[in-house]
Amino acid sequence: MSNSIYATLSRQDGLLKELQVVANNIANTNTAGYKTDRAVFAEYLMTTGADSPSLSMGALAGHSFDLTQGTVKFTGGQFDLALQGEGFFAIETDAGQRLTRAGGFQLSADGELITGDGARVLNSGNTPIQIPPEAERLAISGDGTISADGEIIDQVGIFTPNGQLQRDTDTRFVADGGFQLAQGVSVLQGALEASNVSPVLEMARMIEVQRAYEAGQTVLEREDQRITQLISTVRDR
(Lines give C-alpha, C1' and ligand atoms only; values in the text may rest on other atoms or scores of the structure.)
Protein backbone atom coordinates (compact mmCIF):
# COMPACT_ATOMS: atom_id res chain seq x y z
CA MET A 1 0.00 0.00 0.00
CA SER A 2 1.37 3.44 -0.92
CA ASN A 3 2.34 6.03 1.68
CA SER A 4 -0.33 8.39 0.38
CA ILE A 5 -3.02 5.79 1.07
CA TYR A 6 -1.65 5.15 4.56
CA ALA A 7 -1.65 8.87 5.36
CA THR A 8 -5.13 9.44 3.92
CA LEU A 9 -6.61 6.44 5.74
CA SER A 10 -5.14 7.75 8.99
CA ARG A 11 -6.72 11.14 8.31
CA GLN A 12 -10.08 9.56 7.42
CA ASP A 13 -10.10 7.57 10.63
CA GLY A 14 -9.43 10.74 12.64
CA LEU A 15 -12.15 12.67 10.82
CA LEU A 16 -14.64 9.87 11.45
CA LYS A 17 -13.87 9.92 15.19
CA GLU A 18 -14.22 13.70 15.28
CA LEU A 19 -17.53 13.46 13.42
CA GLN A 20 -18.77 11.05 16.09
CA VAL A 21 -17.78 13.53 18.82
CA VAL A 22 -19.55 16.42 17.08
CA ALA A 23 -22.66 14.31 16.47
CA ASN A 24 -22.78 13.38 20.16
CA ASN A 25 -22.51 17.06 21.11
CA ILE A 26 -25.47 17.89 18.88
CA ALA A 27 -27.48 14.98 20.28
CA ASN A 28 -26.97 16.37 23.79
CA THR A 29 -27.92 19.98 23.06
CA ASN A 30 -30.89 19.67 25.43
CA THR A 31 -29.25 17.41 28.03
CA ALA A 32 -29.01 19.17 31.40
CA GLY A 33 -25.45 19.31 32.71
CA TYR A 34 -23.82 18.18 29.46
CA LYS A 35 -20.40 19.63 28.61
CA THR A 36 -19.15 20.06 25.05
CA ASP A 37 -16.58 17.47 23.98
CA ARG A 38 -13.57 18.13 21.76
CA ALA A 39 -11.43 15.49 20.06
CA VAL A 40 -7.69 16.02 20.53
CA PHE A 41 -5.32 14.61 17.92
CA ALA A 42 -1.57 13.99 18.04
CA GLU A 43 1.02 13.49 15.31
CA TYR A 44 3.38 10.51 15.28
CA LEU A 45 6.00 9.18 12.89
CA MET A 46 5.84 5.76 11.28
CA THR A 47 8.84 4.09 9.67
CA THR A 48 8.43 3.04 6.05
CA GLY A 49 11.65 1.10 5.64
CA ALA A 50 15.34 1.17 6.50
CA ASP A 51 16.26 3.38 3.56
CA SER A 52 13.01 5.35 3.32
CA PRO A 53 11.93 8.54 5.09
CA SER A 54 9.45 8.28 7.95
CA LEU A 55 5.78 9.04 7.40
CA SER A 56 3.85 11.58 9.47
CA MET A 57 0.56 10.17 10.76
CA GLY A 58 -2.18 11.39 13.07
CA ALA A 59 -4.34 9.67 15.69
CA LEU A 60 -6.92 10.48 18.34
CA ALA A 61 -4.94 11.25 21.50
CA GLY A 62 -7.83 12.03 23.87
CA HIS A 63 -10.66 14.39 24.65
CA SER A 64 -10.96 17.83 26.19
CA PHE A 65 -14.12 19.27 27.67
CA ASP A 66 -15.52 22.76 27.66
CA LEU A 67 -16.51 23.16 31.32
CA THR A 68 -17.89 26.68 31.02
CA GLN A 69 -21.15 27.43 32.79
CA GLY A 70 -24.34 26.54 30.95
CA THR A 71 -27.50 28.62 31.15
CA VAL A 72 -29.43 28.17 34.40
CA LYS A 73 -33.09 27.31 33.87
CA PHE A 74 -35.50 27.53 36.78
CA THR A 75 -37.83 24.53 37.10
CA GLY A 76 -39.29 24.90 40.58
CA GLY A 77 -38.44 21.27 41.34
CA GLN A 78 -37.66 20.75 45.03
CA PHE A 79 -34.63 18.57 44.30
CA ASP A 80 -33.54 20.18 41.04
CA LEU A 81 -30.14 21.72 41.77
CA ALA A 82 -27.84 23.86 39.62
CA LEU A 83 -24.28 24.93 40.35
CA GLN A 84 -22.84 28.38 39.80
CA GLY A 85 -19.06 28.22 39.70
CA GLU A 86 -16.46 25.54 39.09
CA GLY A 87 -17.60 22.41 40.84
CA PHE A 88 -19.47 19.13 40.54
CA PHE A 89 -21.95 17.01 42.42
CA ALA A 90 -20.60 13.59 43.42
CA ILE A 91 -22.69 10.46 42.98
CA GLU A 92 -22.22 6.78 43.82
CA THR A 93 -22.85 4.50 40.84
CA ASP A 94 -22.45 0.75 40.40
CA ALA A 95 -19.15 1.49 38.61
CA GLY A 96 -17.84 3.77 41.38
CA GLN A 97 -17.96 7.45 42.28
CA ARG A 98 -18.60 9.92 39.48
CA LEU A 99 -18.77 13.71 39.12
CA THR A 100 -21.65 15.46 37.36
CA ARG A 101 -23.25 18.86 36.76
CA ALA A 102 -26.63 17.27 36.04
CA GLY A 103 -28.62 18.11 39.17
CA GLY A 104 -32.02 16.63 38.41
CA PHE A 105 -32.37 14.62 41.65
CA GLN A 106 -35.25 12.90 43.46
CA LEU A 107 -35.98 10.90 46.59
CA SER A 108 -35.83 7.12 46.63
CA ALA A 109 -38.33 4.94 48.47
CA ASP A 110 -35.73 4.71 51.26
CA GLY A 111 -35.46 8.49 51.56
CA GLU A 112 -32.09 8.81 49.83
CA LEU A 113 -31.33 11.61 47.38
CA ILE A 114 -30.69 9.92 44.03
CA THR A 115 -30.37 10.55 40.30
CA GLY A 116 -33.02 9.45 37.82
CA ASP A 117 -31.30 6.07 37.36
CA GLY A 118 -30.81 5.44 41.07
CA ALA A 119 -27.24 6.63 41.70
CA ARG A 120 -26.95 8.04 45.22
CA VAL A 121 -25.97 11.69 45.66
CA LEU A 122 -23.10 12.21 48.12
CA ASN A 123 -22.81 14.79 50.89
CA SER A 124 -19.79 16.86 51.89
CA GLY A 125 -18.50 13.88 53.85
CA ASN A 126 -18.65 11.69 50.73
CA THR A 127 -21.54 9.54 52.01
CA PRO A 128 -25.16 9.18 50.76
CA ILE A 129 -27.71 11.83 51.73
CA GLN A 130 -30.63 10.56 53.82
CA ILE A 131 -33.81 12.62 54.17
CA PRO A 132 -35.93 11.70 57.25
CA PRO A 133 -39.46 10.56 56.27
CA GLU A 134 -41.05 13.09 58.61
CA ALA A 135 -39.10 16.03 57.09
CA GLU A 136 -41.24 18.85 55.67
CA ARG A 137 -40.56 22.27 54.15
CA LEU A 138 -37.19 21.23 52.77
CA ALA A 139 -34.81 24.00 51.73
CA ILE A 140 -31.33 23.83 50.22
CA SER A 141 -29.15 26.90 50.75
CA GLY A 142 -26.40 28.31 48.58
CA ASP A 143 -23.68 26.23 50.26
CA GLY A 144 -25.69 23.03 49.80
CA THR A 145 -26.99 22.81 53.37
CA ILE A 146 -30.28 20.88 53.52
CA SER A 147 -32.77 22.03 56.14
CA ALA A 148 -36.19 20.72 57.12
CA ASP A 149 -38.50 22.79 59.28
CA GLY A 150 -35.56 25.04 60.13
CA GLU A 151 -33.27 22.20 61.25
CA ILE A 152 -30.12 21.19 59.36
CA ILE A 153 -30.24 17.65 57.99
CA ASP A 154 -27.20 17.34 55.76
CA GLN A 155 -25.15 19.17 53.13
CA VAL A 156 -24.90 18.39 49.43
CA GLY A 157 -21.28 17.82 48.53
CA ILE A 158 -19.73 20.09 45.89
CA PHE A 159 -16.33 18.95 44.65
CA THR A 160 -13.51 19.77 42.24
CA PRO A 161 -11.39 17.08 40.58
CA ASN A 162 -7.71 16.53 41.23
CA GLY A 163 -6.22 16.38 37.75
CA GLN A 164 -7.87 15.54 34.46
CA LEU A 165 -11.40 14.29 33.90
CA GLN A 166 -12.43 11.35 31.75
CA ARG A 167 -15.98 11.15 30.41
CA ASP A 168 -17.91 8.15 31.69
CA THR A 169 -21.36 8.88 30.27
CA ASP A 170 -22.83 11.95 28.60
CA THR A 171 -23.10 13.88 31.89
CA ARG A 172 -20.75 11.97 34.19
CA PHE A 173 -17.00 12.11 34.61
CA VAL A 174 -14.34 9.98 36.25
CA ALA A 175 -11.75 11.84 38.32
CA ASP A 176 -8.73 9.53 38.18
CA GLY A 177 -6.90 11.63 40.78
CA GLY A 178 -9.88 11.81 43.12
CA PHE A 179 -11.65 15.01 44.13
CA GLN A 180 -11.85 17.51 46.96
CA LEU A 181 -14.41 19.94 48.36
CA ALA A 182 -14.89 22.99 46.15
CA GLN A 183 -14.72 26.59 47.26
CA GLY A 184 -16.77 29.55 46.03
CA VAL A 185 -19.50 27.47 44.35
CA SER A 186 -23.19 28.29 44.87
CA VAL A 187 -26.13 25.89 44.76
CA LEU A 188 -29.45 27.01 43.30
CA GLN A 189 -32.51 25.04 44.38
CA GLY A 190 -35.32 24.63 41.88
CA ALA A 191 -33.08 25.04 38.82
CA LEU A 192 -31.03 23.01 36.35
CA GLU A 193 -27.94 23.90 34.35
CA ALA A 194 -28.56 23.51 30.63
CA SER A 195 -26.08 22.01 28.18
CA ASN A 196 -23.34 24.42 27.07
CA VAL A 197 -23.38 23.09 23.49
CA SER A 198 -23.70 25.73 20.77
CA PRO A 199 -25.84 24.06 18.07
CA VAL A 200 -24.78 26.58 15.42
CA LEU A 201 -21.06 26.04 16.02
CA GLU A 202 -21.45 22.26 16.16
CA MET A 203 -23.44 22.14 12.91
CA ALA A 204 -20.81 24.30 11.21
CA ARG A 205 -18.09 21.97 12.51
CA MET A 206 -20.00 18.91 11.31
CA ILE A 207 -20.26 20.35 7.78
CA GLU A 208 -16.55 21.17 7.81
CA VAL A 209 -15.58 17.65 8.93
CA GLN A 210 -17.93 16.01 6.42
CA ARG A 211 -16.43 18.00 3.54
CA ALA A 212 -12.92 17.11 4.65
CA TYR A 213 -13.90 13.44 4.82
CA GLU A 214 -15.43 13.56 1.34
CA ALA A 215 -12.25 15.18 0.00
CA GLY A 216 -10.18 12.39 1.54
CA GLN A 217 -12.48 9.79 0.01
CA THR A 218 -11.89 11.37 -3.40
CA VAL A 219 -8.12 11.14 -2.88
CA LEU A 220 -8.41 7.43 -2.01
CA GLU A 221 -10.54 6.72 -5.09
CA ARG A 222 -8.10 8.50 -7.40
CA GLU A 223 -5.13 6.73 -5.85
CA ASP A 224 -6.91 3.40 -6.25
CA GLN A 225 -7.57 4.18 -9.92
CA ARG A 226 -3.92 5.17 -10.42
CA ILE A 227 -2.64 1.92 -8.93
CA THR A 228 -5.17 -0.13 -10.91
CA GLN A 229 -4.09 1.54 -14.15
CA LEU A 230 -0.43 0.98 -13.31
CA ILE A 231 -0.99 -2.73 -12.63
CA SER A 232 -2.99 -3.05 -15.85
CA THR A 233 -0.24 -1.36 -17.87
CA VAL A 234 2.48 -3.58 -16.43
CA ARG A 235 0.39 -6.71 -16.97
CA ASP A 236 -0.29 -5.84 -20.64
CA ARG A 237 3.40 -5.49 -21.50
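Observations, loosely collected:
- For Asp13, the accessible area of its heavy atoms, probed at 1.4 Å with every protein chain present, is near 80 square angstrom.
- Accessible heavy-atom area order of Lys35, Lys17, Lys73, highest first, probe of 1.4 Å: Lys73, Lys17, Lys35
- Residues of the range 135-234: accessible area per residue with a 1.4 Å probe, Å²: 58 Å²
- Of the accessible area of the range 56-131, computed with a 1.4 Å probe over protein heavy atoms only, carbon and sulfur atoms account for 47 percent.
- Between the range 147-177 and the range 10-29, the Cα center-to-center distance that results, in Å: 28 Å
- Solvent exposure ordering (accessible area, 1.4 Å, most first) of Asp168, Asp94: Asp94, Asp168
- Relative intensity of the range 118-216 on a log10 scale, I(q)/I(0) at q = 0.18, 0.22, 0.23 Å⁻¹, equals -1.00, -1.25, -1.30, per a Debye sum over C-alpha point scatterers of equal strength in the absence of solvent.
- Here the simple spin-label model places points 7 Å from the Cα toward Cβ, and for Gln180 and Asp117 these points are separated by 3.0 nm.
- Residues Arg98, Arg167, Arg120, ordered by accessible area of protein heavy atoms at a 1.4 angstrom probe radius and largest first, appear as Arg120, Arg167, Arg98.
The values are calculated or read from the model by the stated rules, or taken from the named source; none is laboratory data. The structure displayed is predicted, hence computed values, not measured ones. Please note: Cβ atoms are built from the backbone with ideal geometry, for glycine as well, and neighbour counts cover all protein chains shown. SASA here: full protein model, heavy atoms, side chains in, ligands and nucleic acids out. Shrake-Rupley method; radii C 1.70, N 1.55, O 1.52, S 1.80 Å.
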